[in-house]
Amino acid sequence: PAVIRRADYAAPAFLVDSVALEFDLAPERTVVKNTMRLRRNPDATPGSRLELMGEALAFIGAAIDGKALAAGAVRAHEHGLSIGDVPDAFELVIESTCNPVENTTLSGLYVSSGNFFTQCEAEGFRRITYFFDRPDVMATYTVTLRADKSAYPVLLSNGNLVEEGELADGRHFAKWEDPFKKPCYLFALVAGKLVALEERIRSRSGKDKLLQVWVEPHDLDKTRHAMDSLIHSIHWDEERFGLELDLDRFMIVAVSDFNMGAMENKGLNIFNTKYVLANPETATDTDFSNVEAVVGHEYFHNWTGNRVTCRDWFQLSLKEGLTVFRDQEFSSDMQGGATDETARAVKRIEDVRVLRQMQFAEDAGPMAHPVRPESYVEINNFYTMTVYEKGAEVVRMYQTLFGREGFRRGMDLYFKRHDGQAVTCDDFRHAMADANGRDLAQFERWYSQAGTPRVSVRTAYDAATQRYSITLAQSYGDAAPAARETQTGPLLIPFAIGLIGRDGKDIALRLEGERSETGTTRVIELTEPEQTFTFVDIKEAPLPSLLRNFSAPVIVEYDYTNDELAFLLAHDSDPFNRWEAGQRLATRELLALAARAAAGESLSLDDSFVAAFARVLTDESLSPAFRELAMMLPSEAYLAEQMEQADPAAVHAARQFARKRLATALKNEWLAIYERHVTPGAYEPTPQAAGQRALKNLALAYLAELDDPADAVRLANAQYDSANNMTDRAAALAALLAASATAGAGVAEPALDQFYRRFEKEPLVIDKWFALQATQRGSAKHRVIDVVRRLMAHPAFTLRNPNRARSLIFSFCAANPAQFHAVDGSGYAYWAEQVVALDSLNPQVAARLARSLELWRRYTPALGDQMRAALERVAAQVKSRDVREIVEKALA
Ligand code: B3K
Ligand code: ZN
């Protein structure tokens, strides 16, 4: 397959100043007339032919400066259009057709529930018309949409509506103009039977703005939260970054068939329904906060991505890492205000959990790549945890180094220099460096090196001189080959540290050679392979609190004793590290248990372990949300990843054993917590109320682990029946499913059936119904693969809808490791069938699923060999470039 390399970047041969698109929309045959003003790019190497990209198009004809091109002068081929001998500046008109209703890839123009939608990022625009489909070609767009009025009463595109009216034969039209230059991946159109929730707001500088959330009519009652989230996002970006909405109108449209979360098309964001629709009856607290985060994310792209965009797709993290960082900060502020550190830590903990579980795993496998990749076969495969989440950590490090104000100075300079341009990650780094008077040359390695850095820590206290020294050494350990080949030298690692005295309080810090103390948390800059930092005036041997607030995306190696971890869990003033201490303690114990389980030995867990967790659980000074996170054991996926050879069955046995032990030993505490955190009255999606529900439902989940889960079954049934919100109803159903592992399937079936009937007309809720069953615990008698195979035949199941496919197939293959990795290979056989089936329908979704086996080399040979065999079977059958790249890299 053709490999595209960052090093091969060349400026576009032509520039496009303006684009006028005319659409005659029809499901089977949409006609597109594309009128462009082009001129040669003075910065490009001259070539004689004009090469435009095109895919799945039928070419009708072309004209230059009003003169139709003869058949010999233009050649349409599989990948585009080639035109010989063109002038230096000219008008080019191209007519072509496409077939939206047959388009199951959901890239380009397609039909969903009878309405038209587009998705152009990364390379979907070439499936709509012939074009320079690359982000450094920026043009202004005028779009005219024509369609049957009764079938498609609403016609939307980017920018401002400038004209609309009636046409013959029951058709009508709308004309839209986007005043801002944009790359074609930000083009969008929507047409169909939709209704909108509308609000008018005034921006900080006093301009009126029209905001709309467009949905199908039956979903109008689920739009309020998205609208509120949009309004909060607009105000937040004004406040924090001085960035205003630049259009008079901003639209969000929901679509139920969508490959990912949402898309930031200029002025016309298109969203997966999952990240727009929310009301208490259908959406959980997690859904509410996801809607807020994704609405924020797409809105923030208006500046970081749209006004300043990427020169090429290798620079993807320029917009994605930065925009994820911005949405994380937004959610954090919404959760805790700018000042409540413990509330902010809840968001930070959730983000770091995802990073460590998913991105660290990616970095340890065959898909490992730098935040700014060097090459790709299919760009859609590089919308990854590394580009997004590690990229966000890289952006966060600038803020850790320079403070909020320094970061803001860097952002201001970035926009001052680059507004309206398509730029690179280097341009962003230079703006940060120049605005803060720093040389950040070494920092580039965060963009060019793959793999997860390790920082090992040694400490020494000298009572006589009252000096405490910390030696930090950085390395990449045993990196995957894909990562190793990118590594060239040490990183600049901002390493936040605190020292804690025997009384549990922070010690004021002064580094050797400094005149005065600088607070109790210090960001040390590690730049060498190994460096020693010495703190003076330390009156007693302290306990170090390392990498506070997770100040860099690294693994810290330090041999704390269990007692020290319990102490940190009880006392660290850094809430992130308090949580972290509990996770370290649990990870250590669970890995020891897993080793014993693998060897067939009996399992036991020390009382001091239970006692340490009991203290957090009952510490009323901590918020419920924080306690819930602290009591949640590391996930099976994360634990398996820490093993020399991943053994999902052993990890499952170990984690279940620990859960049962915590459930049994703390039964009365769990019952009391449950009673105390019932939230009476109307549902509110506030962080406080959500935290209460989370802790209460965690208590219910633990109670369901008991040998006799009668209490859990009673509470869960009552909660199921009386719930006034989806969080509680879904948690009750999950608890019943968990209890059925010991009490028999009968305890969950009535609620499961009732749930289906109640929400039959709510696809997003039916997705939850599938997902809950696919992720349920199994046993030798009760194989979840059998449940999953049965559900594949359910009338509500379809492979064509990505949300539905994800709710059943991905939930099983990626979120139920113990069952998916059954030693009989049943999970892998199922996975192979589904990858092949999806490959011909929707390559992007298929490629995501294909990734579930990429870490096969890290598993026990009994599993790894079967995983490899399944990958080979898939490799022999799949056709799409997307899936081929994944399976070939996995097998290489
Ligand atoms: N920029 C889009 C992602 C497009 C993915 C294309 N395969 C959504 C986002 O990150 O906001
Ligand atoms: Zn994004």
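Values in this text are rule-based calculations from the coordinates and carry no lab data. Nothing here was measured: the structure is a model prediction, and the numbers come from that model. We place every Cβ from the backbone using ideal geometry, glycine too, and count neighbours over all the protein chains shown.
Laid out as a table, the results:
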quantity	calculated
Percentage relative contact order, region 454-559, counting C-alpha pairs under 8 Å, at least six apart	38
Amide proton proximity set for Val423, modelled H, under 5 Å, gap of 5+	Thr309, Cys310, Arg311
Relative packing of peptides 24-35, 389-400, 82-93 - highest average C-beta neighbours within 10 Å first	389-400, 24-35, 82-93
In Hz, Karplus ³J(HN,Hα) per residue of region 844-861 (6.51, -1.76, 1.60; θ = phi - 60°; x = Gly, Pro)	5, 5, 4, 5, 5, 5, 4, 5, 4, 10, 5, 8, 3, 5, 8, 9, 4, x
Under 5 Å, built H, 5+ apart or other chain: amide partners of Ala139	Lys182
Charge dipole (debye, nearest 20) of region 309-448; +1 at Cβ of Lys and Arg, -1 at Cβ of Asp and Glu	240
Cross-link table Lys175/Lys209; Lys182/Lys889; Lys660/Lys781, entries beyond 25 Å C-alpha to C-alpha	Lys182/Lys889
Set of lysines with alpha-carbon distance to Lys539 below 21 Å, sequence-local pairs under 8 removed	Lys505
Positive-end residue of Leu268, Gln328, Ala751, charge dipole of the chain with Cβ unit charges	Ala751
Sequence of Val883, Val294 once ranked by neighbouring C-beta atoms within 10 Å, starting from the fewest	Val294, Val883
Long-range HN-HN contacts of Val255 with modeled amide H, under 5 Å	Phe271, Asn272, Thr273
Burial ranking of peptide ranges 693-706, 514-527, 633-646 (average Cβ count within 10 Å, highest at the top)	693-706, 633-646, 514-527
Cross-link table Lys768/Lys879; Lys266/Lys416; Lys33/Lys319; Lys266/Lys319, entries beyond 23 Å C-alpha to C-alpha	Lys768/Lys879; Lys33/Lys319
Burial order of peptide ranges 424-435, 154-165, 454-465 (average beta-carbon count within 10 Å, highest first)	424-435, 154-165, 454-465
Förster-model FRET efficiency, 22 Å R0, Glu528 and Asp434, C-beta, rounded to 0.05	0.35
Table column - 3J(HN,Hα) (Hz), region 712-728, Karplus curve with 6.51, -1.76, 1.60, x for Gly and Pro	4, 5, 4, 5, 5, 4, 5, 5, 4, 5, 9, 4, 10, 7, 6, 4, 6
Whichever aspartates and glutamates have a C-alpha closer than 14 Å to that of Lys181, once near sequence neighbours (fewer than 8 apart) are set aside	Asp17, Asp136, Asp246, Asp419
Relative contact order (%) - criterion: Cα under 8 Å, at least six apart; region: region 194-271	28
On Cα atoms only, tilt of 607-617 relative to the major axis of the chain in degrees	60
Relative contact order of the chain, pairs being alpha-carbon contacts under 8 Å that are 6 or more residues apart, as %	8
Debye, to nearest 20: dipole size of region 759-892, +1 on Lys, Arg Cβ, -1 on Asp, Glu Cβ	120
Assigned charges on the beta-carbon of Lys, Arg, Asp, Glu; the chain dipole about Cα centre (debye)	620
In Hz, Karplus ³J(HN,Hα) per residue of region 598-604 (6.51, -1.76, 1.60; θ = phi - 60°; x = Gly, Pro)	4, 8, x, 8, 6, 9, 8
